[in-house]
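The values are calculated or read from the model by the stated rules, or taken from the named source; none is laboratory data. In this text the structure is predicted, and so the values were computed from the model without any measurement. Glycine gets a Cβ as well: all are built from the backbone with ideal geometry, and neighbour counts include every protein chain shown.
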Amino acid sequence: MDDLGRALANFQVRVDGNPMVRKMLKDWNRHIVVKPTTGPPYSLVISKARLEQIVEEELSDAEVMLTARDEVLVGIFDGSINPADAYASGDLLFHGTIQDEMRLDAVVQYVWD
């Protein structure tokens, strides 16, 4: 497993173990693709108020896509990089609705605060 895979696995544990985040994920079912510039893509499946699955492939039915350099994505999911700052600086590309962006930002902030 690469650095991004480890960061995502740790993020999954923190998401599923945080009652406030689980409440935020209620009624939010999404397939999110995390696409680094050099490593393999990962897909996150959010369903039933949980980050249910992480797979090392790009699911074709994704509603949200995050694209960045590998180290930026690792930093976002390990809590060392603020995703809003990465987006504002152009280091993170986000494809999805503004509501998805706000929800995902909030989840990341609650997980690491």
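A few remarks follow.
- Flag for Q53 being without any contact (Cβ under 8 Å) to a residue 12 or more places away in the chain and in contact with a Leu (Cβ under 9 Å, 6 or more places away or on another chain): yes
- Test: residue in region 2-22 that is crowded, with 16+ Cβ neighbours inside 10 Å, of a type in the set (S, T, N, Q) and touching a strand residue (DSSP E or B) at 6+ places or on another chain (Cβ under 8 Å): yes
- Condition broken by G75, with the remaining ones in (1) more than 16 Å from R14 (Cα to Cα); (2) of a type in the set (G, A, S); (3) surrounded by 14 or more Cβ atoms within 10 Å (Cβ to Cβ) satisfied: (1)
- Residue count for region 73-96 satisfying the condition of being modelled with pLDDT of 95 or more and polar (S, T, N, Q): 1.
- In the set (1) free of Cβ contacts under 8 Å to residues at least 12 places away in the same chain; (2) under 21 Å from I81 (Cβ atoms), the condition left unmet by P19 is number (2).
- Count of region 25-52 residues which are hydrophobic (A, V, I, L, M, F, W, C), touching a helix residue (DSSP H, G or I) at 6+ places or on another chain (Cβ under 8 Å), buried (at least 17 other Cβ atoms within 10 Å of the Cβ) and at negative phi: 6
- Considering region 13-101, the qualifying strands (runs of 3 or more DSSP E), each wholly inside and each with 2 or more residues that are closer than 20 Å to M1 by Cβ, run over 30-36, 42-47, 50-55, 64-68.
- Exactly one residue among A84, A68, A88 is in contact with an Asp or Glu (Cβ under 8 Å, 6 or more places away or on another chain), surrounded by fewer than 16 Cβ atoms within 10 Å (Cβ to Cβ) and among the aliphatic types (A, V, I, L, M), and that residue is A84.
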